[in-house]
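Reading through the structure tokens given below for one structure.
The values are calculated or read from the model by the stated rules, or taken from the named source; none is laboratory data. Since this is a predicted model, take the numbers as computed values, not measurements. Quick reminder, even Gly has a Cβ in these numbers, built from the backbone with ideal geometry, and neighbours come from all protein chains shown. Note: accessible area is taken over every heavy atom of the protein model, side chains too, but ligands, DNA and RNA are not part of it. Shrake-Rupley method; radii C 1.70, N 1.55, O 1.52, S 1.80 Å.
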Amino acid sequence: MPPPPPLTAAITLAPFLLFLLLARPTVSWRPWPNAQPNSTDFLYGGSKKYEGSSEFVHLKYHMGPVLTANITVYPIWYGRWQSSQKRIIREFIASISAVDSKPPSVSGWWKTVQLYTDQTGANISRTVHVGEQKNDRFYTHGKSLTRLSVQSVIKSAVTASTRPLPINPKSGVYLLLTSDDVYVQDFCNNICGFHYFTFPSIVGYTLPYAWVGNSAKLCPGVCAYPFAVPDYIPGLKAVKSPNGDVGVDGMISVIAHEIAELSTNPLVNAWYAGQDPVFPVEIADLCEGIYGTGGGGSYTGQMLNGKDGSTYNMNGIRRRFLVQWVWNHLLNYCTGPNALDQ
């Protein structure tokens with residue numbers, strides 16, 4: 001992705017068009033149809049061993065800001081959402097800071113993210129909580145969104161005439177969640193979610209944001225894997241989701257992926273691997289599809305099974321979740337709280 005503009009600078013049309021062409025979404029591993037390996041796959045994927053460790057991975061800090069103050073996630077519910085679906089997602093976000101959850105826990109997973117620091121040595125915040133929320137039940141920007149209109153949805157949320165979301169560029173994460181009847185540009189075609197920052201020329205502010213879609217109707221076999229499997233891979237069996245909602249349970253790991261990367265690389269100039277800032281490889285990208293010990297390639301690794309037959313790898317406050325691991329730059333491999341050696 002192109003380097004971010006200064007917080008006070010206006011965005012001209014040229015870099016704006018560059019964003020549309022080159023911005024790289026971040027995703028968890030999925031059984032992408034017709035996927036072709038690229039140079040990053042050969043460099044990182046081919047060298048993975050034991051939870052993705054590799055002597056070829058050189059994650060570096062590029063001196064940009066990270067989220068060291070108490071992080072507030074502002075959900076924007078776009079489309080029609082059931083109360084039960086919102087509750088699952090809110091409880092996952094709340095579980096990030098719930099240090100008394102039963103191990104292996106979501107808060108234990110977040111401890112790896114907390115290891116990352118800014119140039120002063122300040123760590124990523126331990127505290128992540130749900131802030132004010134905004135609903136758009138009437139699809140005011142339509143049921144088919146482009147990357148351009150994604151930012152317009154966020155603008156509507158922070159400039160609404162009634163109960164606008166707070167402007168919080170230093171510790172806010174604006175999380176746009178689209179319902180299962182909304183299509184976002186490139187959704188299901190190698191993309192289940194992405195993160196970036198808003199342009200002042202569109203939104204009026206530079207705000208770290210992420211989009212994650214509910215794939216239940218559009219492509220559950222791709223973006224809700226392994227709770228659903230694609231028809232074009234015969235013999236592959238889906239596992240039972242821990243909260244009884246395939247689309248939302250599938251979203252959880254993508255939401256985790258994006259929050260972890262927004263915290264460590266909010267303006268795309270902080271923590272990432274690779275030589276090209278236009279296509280940064282971030283802390284969750286390095287662990288795509290790894291949910292347990294032995295994970296790598298298309299194998300998820302060793303996960304846990306509940307008495308009800310559901311599959312998960314972490315405990316939250318009251319629920320269980322399946323969340324991909326993230327890269328530990330001190331150990332130089334992917335780590336998670338459910339690792340067998342812990």
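Against the condition without any contact (Cβ under 8 Å) to a residue 24 or more places away in the chain and acidic (Asp, Glu), how does Asp231 come out, does it pass?
So Asp231 fits the description; yes.
Looking at Ala224, Ala228, Ala273 in this structure, which one is touching a strand residue (DSSP E or B) at 6+ places or on another chain (Cβ under 9 Å) and of a type in the set (Gly, Ala, Ser)?
Matching residue, one of Ala224, Ala228, Ala273: Ala273.
Answer with yes or no whether Lys102 is under 21 Å from Pro337 (Cβ atoms), modelled with pLDDT of 95 or more and of a type in the set (Lys, Arg).
Values: under 21 Å from Pro337 (Cβ atoms): yes; modelled with pLDDT of 95 or more: yes; of a type in the set (Lys, Arg): yes.
So Lys102 passes the test.
Might you check whether a residue that is closer than 27 Å to Ala122 by Cβ and more than 18 Å from the chain's Cα centre (by Cα) occurs anywhere in segment 298-308? First the steps, then the outcome.
Of all residues in segment 298-308, those closer than 27 Å to Ala122 by Cβ come to none.
No, segment 298-308 contains no residue that is closer than 27 Å to Ala122 by Cβ and more than 18 Å from the chain's Cα centre (by Cα).
Assess whether His195 counts as being buried (at least 21 other Cβ atoms within 10 Å of the Cβ), over 23 Å from Ile317 (Cα atoms) and not polar (S, T, N, Q).
Taking the combined requirement at face value, the residue satisfies it.
Report every pair of residues separated by at least 6 positions or lying on different chains whose Cβ atoms are under 9 Å apart, first residue within segment 302-329 and on the phi > 0 side of the Ramachandran plot, second in a loop (DSSP other than H, G, I, E, B) and crowded, with 18+ Cβ neighbours inside 10 Å.
Close Cβ pairs (under 9 Å, with a partner that is in a loop (DSSP other than H, G, I, E, B) and crowded, with 18+ Cβ neighbours inside 10 Å) amount to Gly309/Val239.
Mind counting the residues in segment 198-211 that are assigned to a loop (DSSP other than H, G, I, E, B) and open to solvent by less than 10 Å² (accessible area, probe 1.4 Å)?
5
Here are the criteria: (1) within 19 Å of the chain's Cα centre (by Cα); (2) in a loop (DSSP other than H, G, I, E, B). Tell me which single one Ala94 does not satisfy.
Answer for Ala94: the failing condition is (2).
Restricting the search to segment 61-88, which residues are outside any loop (DSSP other than H, G, I, E, B) and either modelled with pLDDT under 95 or surrounded by 18 or more Cβ atoms within 10 Å (Cβ to Cβ) (or both)?
Within segment 61-88, Ile71, Thr72, Val73, Tyr74, Pro75, Ile76, Trp77, Tyr78, Gln85, Ile88 meet the criteria.
So which of Val254, Val268, Val248 is within 16 Å of the chain's Cα centre (by Cα), at pLDDT below 95 and open to solvent by less than 10 Å² (accessible area, probe 1.4 Å)? Steps first, please.
On the way: Val254 fails: at pLDDT below 95; Val248 fails: at pLDDT below 95.
Answer to the selection: Val268.
Have a look at Ile154, Ile167 and point out the one that is open to solvent by 40 Å² or more (accessible area, probe 1.4 Å), modelled with pLDDT of 95 or more and among the aliphatic types (A, V, I, L, M). I'd like the intermediate steps shown before the answer.
Numbers: Ile154 fails: open to solvent by 40 Å² or more (accessible area, probe 1.4 Å).
Just a single option satisfies the conditions, and that option is Ile167.
Do you know which of the residues in segment 271-298 that are in a loop (DSSP other than H, G, I, E, B) and hydroxyl-bearing (Ser, Thr, Tyr) is surrounded by the fewest Cβ atoms within 10 Å (Cβ to Cβ)?
Ser298
Here's the yes/no breakdown for (1) at pLDDT below 95; (2) under 17 Å from the mean Cα position of the chain (by Cα); (3) open to solvent by less than 20 Å² (accessible area, probe 1.4 Å); (4) hydrophobic (A, V, I, L, M, F, W, C):
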site: Gly213; (1), (2), (3), (4): no, yes, yes, no
site: Ala224; (1), (2), (3), (4): no, yes, yes, yes
site: Lys240; (1), (2), (3), (4): no, no, no, no
site: Ala260; (1), (2), (3), (4): no, yes, yes, yes
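Name the residue that is surrounded by the most Cβ atoms within 10 Å (Cβ to Cβ), counting only residues in segment 302-333 that are modelled with pLDDT of 95 or more and touching a Gly at 6+ places or on another chain (Cβ under 7 Å).
This residue is Trp325.
Here are some conditions: (1) farther than 30 Å from His62 by Cα; (2) open to solvent by 10 Å² or more (accessible area, probe 1.4 Å); (3) of a type in the set (Gly, Ala, Ser); (4) touching a Leu at 6+ places or on another chain (Cβ under 9 Å). Ser144 meets all but one. Which one does it not meet?
(4)
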